[in-house]
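FYI, it's all coordinate maths here, none of it is from the lab. As the structure is a prediction and not an experimental result, all values here were calculated from the model. Please note: Cβ atoms are built from the backbone with ideal geometry, for glycine as well, and neighbour counts cover all protein chains shown.
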Amino acid sequence: MEKTLVILKPCTVQRGLIGEVISRFEKKGLRLAGMKMVWLTDEILTEHYAHLQDKPFFQRIKDSMSMCPVIVCCWEGVDAIQVVRNLTGVTNGRKAAPGTIRGDYSMSMQENIVHASDSPETAAIELKRFFKDEEIFDYEYRNQLALYASDEY
Ligand code: ADP
């Protein structure tokens, strides 16, 4: 099973969409392994968005991500990283396919509802960045027998 990081961005908190978005991941069949509200600092955002540091919108995205607290979640499932990216949709909410989270709830390239890890390497780094080991819970998920065939997990 893979674990992946999802951040419900300030735009999601401000628009009252926390429950809607979490419900998408829950209904898909992902197991919630960790969740908390945090107010992200410029320091952690500089690290998190280091791949965008040369972009003209670097400071603006950091300001947007720290305008209020966010919800950070760890979701687990078979191929969870790709499954979550598929549910999320492409970066630009105006271009994201209907049915995806960004496609259904966002009109923006920047204010696009969620961050989702894009590879196993990134997921491992990002989960460590936002969660302590004891904040990730490995509990029995009784739904599992109804979610997967026995050779799928
Ligand atoms: P994704 O979140 O889809 O993996 P990136 O890692 O490329 O996309 O970018 C991180 C975040 O930076 C995006 O989710 C979005 O909020 C913001 N962003 C990316 N490109 C732009 C842009 N051209 N203008 C404004 N914000 C952007």
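A few points about this structure:
- Using 0.36 nm per residue and subtracting the Cα-Cα separation, the extra length available between M67 and H51 on full extension is 3.7 nm.
- For the stretch 15-153, the antiparallel share of DSSP beta bridges with both residues in that region comes to about 90%.
- Here the label points at D151 and T41, each 7 Å from Cα along the C-beta direction, are separated by 5.0 nm in the simple model.
- Considering only A80, A124, A50, the Gaussian network model of the chain with Cα springs below 10 Å gives its largest mean-square fluctuation to A50.
- Computed from label points 7 Å out along Cα-Cβ, the spacing between I18 and R60 is 2.8 nm.
- As a proxy for reagent exposure, R129, R85 were ordered by neighbouring Cβ count within 10 angstrom, fewest first; the result is R129, R85.
- Counting every other Cβ atom within 10 Å of each residue's Cβ, W39, W75 order from fewest to most as W39, W75.
- In plain terms, the residue of R15, R24, R94 with the fewest other Cβ atoms within 10 Å comes first and the most crowded comes last, giving R94, R15, R24.
- Taking 37 °C and 0.692 mPa s as conditions, the chain diffuses translationally at an estimated 206 µm²/s according to Stokes-Einstein applied to its Kirkwood radius (Cα pairs).
- Against the chain, whose longest principal axis is taken from its Cα atoms, helix 120-130 shows a tilt of about 70°.
- Annotated for the stretch 2-125: lysine pairs at least 8 residues apart or interchain, Cα distance under 25 Å, count 17.
- The relative contact order of the stretch 38-153, computed from alpha carbon pairs under 8 Å that lie at least 6 residues apart in sequence, is 18 percent.
- Neighbours of A33, meaning other residues whose beta-carbon lies under 11 angstrom from its beta-carbon, give a summed charge of -2 when Lys and Arg score +1 and Asp and Glu score -1.
- Value at 222 nm in deg cm²/dmol, rounded to 500, when DSSP H runs of n ≥ 4 in the chain each add -39,500 (n - 2.57): -10000 deg cm²/dmol
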